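A short worksheet on the structure shown next.
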Amino acid sequence: MSSAVKPRVKLLCLAGFMGSGKTTVGRQLAQQLGWRFLDLDERIEERAGAKISEIFERLGEAAFRDLEFEQLNRALTEGAAAAVPTIIALGGGTFAQPRNLEALRATCKPEDAPRDGFVIWLDCPVEQLFARCVTMGNRPLFRDEISFRKLYEERLPFYRMADFRVDGGGEPRAVAERIIALGISADGTGGLQSRNRTEVNA
Ligand code: S3P
């Protein structure tokens, strides 16, 4: 790549535990940047014609994960082909499924092209996540504090594999600003590629 060509960002995926604000922050960020926004859970509900909680109830988690994998692949294909950069809010468990990690890796860094997709982990203390989720219903994997904390601990090693970690605390606009401060501009050009994960994802 010539040094005159600025690196581009085409795809930003927001990962993080339940209650980390992936959807709210994703919408906010898309609005600020003028990018496309896509919510994976919404896509799954549209495809299944049922709410996430009903999918879990009627079909079980394994069937939900299959739908999630299918819709993730569809969203990534769409995102890669779109003229405008895309932000995808993942579900809380999406980034903890090895086959999804593979799909994300393959799209974010195609073999024959420079890296143009990134996964950002919205990191919040588990106490804050619990406090947020306790007031919102309709989360099939939200049962009680003990199981919530256990699942959070199990998933941390996956979230730590994200390209960037951003503090998910505070107002959605402030979180969106932190993401933009990683080096993103509205036309997709930016310095994300020049930073490595260990600098930012400490
Ligand atoms: C899940 C989180 C949910 C949703 C589904 C499974 C999980 O998304 O995808 O209930 O495995 O943690 P949110 O993180 O948006 O609640």
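Could you tell me the relative contact order of the stretch 99-168? Use alpha-carbon pairs under 8 Å, at least six residues apart, and round to a whole percent. Don't skip to the answer; put the middle values down first.
Details: 43 pairs, mean separation 32.3, N = 70.
The normalised contact order for the stretch 99-168 reaches 46 percent.
Taking all Cα pairs closer than 8 Å and separated by 6 or more residues, the relative contact order of the stretch 57-202 comes to 21 percent.
When each full DSSP H helix of the chain is screened for a Cα extent of at least 27 Å along its own axis and an average Kyte-Doolittle hydropathy of at least -0.5, the helices passing are 61-81.
If you plug the beta carbon distance of ARG149 and ALA82 into 1/(1 + (r/R0)^6) with R0 = 30 Å, you get a FRET efficiency near 0.20. Could you tell me whether the stretch 59-202 comes out rounded, prolate or oblate from its Cα gyration tensor? Rule is a ≥ b ≥ c as square roots of the eigenvalues, rounded for a/c under 1.5, then prolate if a/b exceeds b/c, otherwise oblate. It comes out oblate by the Cα gyration axes. Each Lys or Arg adds one and each Asp or Glu takes one away; over the other residues whose Cβ falls under 10 Å from the Cβ of GLY19, this sums to +3. For the stretch 78-166, the fraction of 1.4 Å probe accessible surface lying on carbon and sulfur atoms is 57 percent.
Comparing ILE120, ILE180, ILE87 in a Gaussian network model of the chain, where Cα atoms under 10 Å apart are tied by springs, the biggest mean-square fluctuation is seen for ILE180. Rolling a 1.4 Å probe over the heavy atoms of the protein chains gives the chain an accessible area of 49 Å² per residue.
So for the stretch 1-125, averaging the separation of alpha carbon pairs under 8 Å that are six or more residues apart and normalising by length, what relative contact order in percent results? Dividing the mean separation by the residue count of the stretch 1-125 yields 46 percent.
Please give the calculated 222 nm ellipticity per residue for the chain, where each DSSP H segment of at least 4 residues contributes -39500 (n - 2.57) and the sum is spread over every residue; nearest 500 deg cm²/dmol? Spell out each step's value before the answer.
Working: 9 runs with 98 residues, N = 202.
Calculated mean residue ellipticity at 222 nm is -14500 deg cm²/dmol.
Which of the trypsin sites (Lys or Arg not before Pro) across the stretch 36-70 are loop residues per DSSP, with 16 or fewer other Cβ within 10 Å?
Numbers: sites: ARG36, ARG43, ARG47, LYS51, ARG58, ARG65; in loops: LYS51.
Within the stretch 36-70, the qualifying trypsin sites (Lys or Arg not before Pro) (loop, at most 16 other Cβ atoms within 10 Å) are LYS51.
The DSSP beta bridges internal to the chain are antiparallel in roughly 10% of cases.
The values are calculated or read from the model by the stated rules, or taken from the named source; none is laboratory data. None of these values were measured; they are calculated from a predicted model. Neighbour counts are summed over all protein chains in view; Cβ atoms, including those assigned to glycine, are modelled from backbone coordinates with ideal geometry. Areas reflect the complete protein model, heavy atoms only, side chains present, ligands, DNA and RNA absent. Shrake-Rupley method; radii C 1.70, N 1.55, O 1.52, S 1.80 Å.
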